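The values are calculated or read from the model by the stated rules, or taken from the named source; none is laboratory data. Remember, predicted model here, so these are calculated numbers, not experimental data. Backbone-built Cβ (ideal geometry, glycine too); neighbour counts: all protein chains shown.
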Amino acid sequence: MNMENLRNEIDEIDDSLVKLFEKRMQSTAQLAKYKKEHSVPVSDRTREREIIYRMSGKVTPELAGYTKSLYNTLFDLSKSYQNSLISPESKLASEIKKSLEGSEKLFPERAVVACQGTEGAYSQFACDRMFKYPEIMYVNSFDSVFEAVGRGLCRYGILPLENSTAGSVTAVYELMQKHKFYIVGSIKLCISHSLLAAPGVRLDGVKEIFSHEQAINQCSKFLSELKDVKITVCANTAEAAKSVADFGRTDCAAICSGDCAELYGLSEIASGISNTENNYTRFICISKNPEIYPGADRTSLMMTLPHKPGSLYNVLSKFYSLGINLRKLESRPLPDREFEFMFYFDLECSVYAPEMERLFQDLDEESEYFRYLGTYNEVIC
């Protein structure tokens, strides 16, 4: 047989398959009706295993694995369809609708906002770009930002989440497991680091450099070229600059924003020292309650999955089948649970899209723990 004949044969098989698939889904709809009337759970893992065992035994050994994958996909589609028929609107979808109705039409220009560090910190720059008239409350740690928002001391908080060079801000991701909050906005800020010291200090006279660990990682190439220089980690780049100014020493410097030179009476002895010119840090704006503003097209989720083969694949396949773009996937170890993880997902999809409603229903069924973190806009500066 030639290729055209073989393709015609496959087309005929596909015509039969799609008719059988439609018939199977019609039976699934009747099954969903029965389950709803008799309060029977949608998912039945025992029956799924029985079907896979039976069907994989009806094909040649080399096709057994493919048969298992085929039926796992069919089961996912069946459960998704049943969920949509049994619960047309999930509890989470109802909460999101309330947030949409209760939120203002425009992102606020004025607000009290918590930022970690002090004047001149990159969090402050992110805050100034997100809010036209912010009243900034400076706190000592990332944890304190979450605490200030959670206790109602301020309406919003600004936190760095990831950098294009140094990767994720681990401390913030770990705190996200501890606190209840919602993301209401995010901004990608271009970061340009400088080396500042007391007036008159030369680069060859610097013996100790202070900065935040993220900034240190982002300037690793520059630092590797220096000899016999001690690197000291600080809580914040702006605090590093302030400390250098307060020390009055002529042998130390700080990696921070060049704007800190004027703020703290320092001189710039090296500029543009980041590993790359395209050095961006993504900051999130958090609140105590969900707020969703017009045009919001990025959604963040957090969940744990059963510790068994295929759990993550099952979730990722749902994004694919619904046509939802996955922008970021992050995993962090769960405390006191050996080799188990909390997964963080950033999705690109409008909250108004029907695909999101279906996804929420499916993920609630699939995951051990599922938490909605918010839907928001992202700005690049």
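Structural remarks
- Of all residues in the stretch 181-229, those being of a type in the set (D, E) and at positive phi number 1.
- On the stretch given as the stretch 339-378, residues that are outside any loop (DSSP other than H, G, I, E, B) and loosely packed, with under 15 Cβ neighbours inside 10 Å total 3.
- Scanning the stretch 134-145 for residues that are within 16 Å of G185 (Cβ to Cβ) and not β-branched (V, I, T) yields a single hit, P134.
- Subset of the stretch 198-218 [outside any strand (DSSP E or B), farther than 26 Å from R298 by Cα and not small (G, A, S)]: P199, V201, R202, L203, D204, V206, K207, H212, E213, I216, N217, Q218
- Output for the stretch 198-243, where each listed residue is buried (at least 20 other Cβ atoms within 10 Å of the Cβ), more than 24 Å from R129 (Cα to Cα) and among the hydroxyl-bearing types (S, T, Y): none
- Breaking point among (1) loosely packed, with under 14 Cβ neighbours inside 10 Å; (2) of a type in the set (D, E, K, R); (3) over 22 Å from Q177 (Cα atoms), for D336: (3)
- Members of the stretch 214-258 that are basic (K, R) and touching a residue at least 12 places away in the same chain (Cβ under 8 Å): K221, K230, K242, R249
- Yes/no for R110 being in contact with a Pro (Cβ under 9 Å, 6 or more places away or on another chain) and either loosely packed, with under 15 Cβ neighbours inside 10 Å or not assigned by TED's automatic domain parsing to the domain that holds H212 (or both): yes
- Counting only strands (runs of 3 or more DSSP E) that fall entirely inside the stretch 121-197 and contain at least 2 residues that are surrounded by fewer than 16 Cβ atoms within 10 Å (Cβ to Cβ), the qualifying elements are 133-139.
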